[in-house]
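Everything on this sheet refers to the single structure shown next.
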Amino acid sequence: MEFQELYGLMDRFAASGLTALEWERGGERIALRRDTAVSAAPVSVSAPAAAPTEPEQGEVVRAPLVGAFYAAPAPGEPPYVTPGTQVKKGDTLCLIEAMKMMSEVPAPADCVVEEVLAKDGEAVGVDAPLFRIRRV
């Protein structure tokens, strides 16, 4: 593995929510681990904070894996769905790229997309809210 590839892998790992990654190819083996132990000082909180991307109502389609969220099949192409789009169960809502592999996120049911909660090109974690939908 060339240094540029290694640095790219390290950058992707650092930006992900993963705590460990092992990679083996052609006799080369790389293991990356993140220390999950966090020492925290006591903090006083006056009121609980609400998650800004979490919708207040409706059913939510969540990310099945960690990766980059893509609303369209390719740069410059229209997104798979926009608010108001009606889709059938299994239709592609978006793509998530992880380790150069694209995974389609299908609609869980016949529904209308009420809101797109993720931003195109940004990293998402497992269970991150992607869409708010209404079943039809």
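Only the coordinates and a few stated rules stand behind these numbers; no lab work does. Given the structure is predicted, the values throughout are model-derived calculations rather than measurements. We place every Cβ from the backbone using ideal geometry, glycine too, and count neighbours over all the protein chains shown.
Here is how the numbers come out for the structure above:
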read-out	value
Glu114 long-range amide H proximity, modeled H, under 5 Å	Gly84, Arg132, Ile133, Arg134
The stretch 59-135 - percent relative contact order, Cα under 8 Å, separation 6 or more	42
Backbone HN-Hα couplings from phi across the stretch 109-121 [Karplus 6.51/-1.76/1.60, Hz, Gly and Pro as x]	6, 5, 7, 10, 6, 8, 7, 9, 9, 9, 9, 4, x
Relative exposure of Phe69, Phe13, Phe131, judged by other C-beta atoms within 10 Å (fewest first)	Phe13, Phe69, Phe131
Residue exposure sequence - Arg33, Arg134, Arg12 - by fewest surrounding Cβ within 10 Å	Arg33, Arg134, Arg12
Residue-count net charge about Glu22 - beta-carbon cut-off 15 Å; Lys, Arg +1, Asp, Glu -1	+3
Estimated FRET transfer efficiency (Glu104, Arg34; beta-carbon r; R0 30 Å; 0.05)	0.60
Fewest-first ranking of Asp120, Asp11, using other Cβ atoms within 10 Å as the exposure measure	Asp11, Asp120
Placed amide H near Arg62: partners under 5 Å, 5+ positions off or other chain	Leu130
